[in-house]
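Accompanying notes for the structure given below.
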Amino acid sequence: MLILGEETKKDLIELSKDRGIYLEGNILKVIDVKGDEEFAGYVQLAIENDRENRRKRLEVTKKVQEQNKELVDSQKEKDELMNELKDALQQAESAKQEAQNDLDMLQKKTQFELIGQIVTVALWIIMGVGVITTALFVMSILTGSDTTLIGNTWSNLFGILLTNSFSIIGTIMGVKYSSEASRPSKTEQN
């Protein structure tokens, strides 16, 4: 047991009256209060205050622990949502890339078909003009007419048709090449 001097007891009682400050903790269990009713009342009040303070601290600790648990749970939920968002973003990027690839494929197919149609029509026109001019030239020869004018026209027409057909094909190929060169390649996109 701990025996306190009279002056210390008085100082503790005055401190409790003036400022509301009491001893706390396990020290209260070992103080000897025999023979001093006033100090025994002080110690009993200090023990009750200590219990109340411990109960309040325990409540605060429990509240803090609950809040910490809620924060941890909300952080986990936030992390899960972030992972879901990242997955959704990756899927969207993948779908976007797939759609761009499909669009490029469709454009190339359409361009190829258009070029094929243009070349086919140009060849039919060239062959038609060539056949008609040749037929006229042959008719002129068979009828015995003067073939000088039609011969020169026939050779000029074939020269022009050949030049224009190569020009058309060259232009189409140039447009196709320049449209492919202006698009970034897959390695440049990544």
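Bear in mind these aren't lab numbers, they're just calculated from the coordinates by the rules spelled out. Just so it is clear, the model here is predicted, and its values are computed rather than measured. No Cβ is skipped: glycine too gets one built from the backbone with ideal geometry, and neighbour counts run over all protein chains shown.
Could you give the length gained by full extension between Leu106 and Lys29, i.e. 0.36 nm per residue of separation minus their alpha carbon distance, to one decimal place? Each step should come with its number before you reach the end.
Numbers: separation 77, 0.36 × 77 = 27.72 nm, distance 8.99 nm.
Gain in length upon complete extension: 18.7 nm.
The slack between Ala95 and Asn53, meaning 0.36 nm per residue of separation minus the straight C-alpha distance, is 8.9 nm.
Here's the list of lysines a cross-link from Lys17 could span, going by alpha-carbon distance under 21 Å and ignoring same-chain residues fewer than 8 apart: Lys9. Sparsely packed loop sites in region 6-65 (the trypsin sites (Lys or Arg not before Pro) outside DSSP H, G, I, E and B with at most 15 other Cβ atoms within 10 Å) comprise Lys34. A Förster radius of 25 Å, combined with the Cβ-Cβ distance separating Thr163 from Thr143, puts the computed FRET efficiency at roughly 0.25. List the aspartates and glutamates whose Cα sits under 15 Å from the Cα of Lys10, skipping any in the same chain fewer than 8 residues away. Cα-Cα hits under 15 Å: Asp18, Asp32, Asp36, Glu37, Glu38. If you work out Rg/Rh (Cα atoms, Kirkwood Rh) from the coordinates, which of (1) 1.07; (2) 1.04; (3) 1.87 do you get? Only one option fits the structure, namely (3). Residues within the reach of a label modelled at Met1 (point 7 angstrom out along Cα to beta-carbon, backbone nitrogen below 11 Å), restricted to region 24-48, are 30-36.
Using alpha-carbon pairs under 8 Å, 6+ residues apart, how would you state the relative contact order of the chain in percent?
Numbers: 55 pairs, mean separation 23.6, N = 190.
About 12 percent, as a whole number.
Length gained on full extension, Leu15 to Ser74, computed as 0.36 nm times the residue gap minus the Cα-Cα distance: 16.6 nm.
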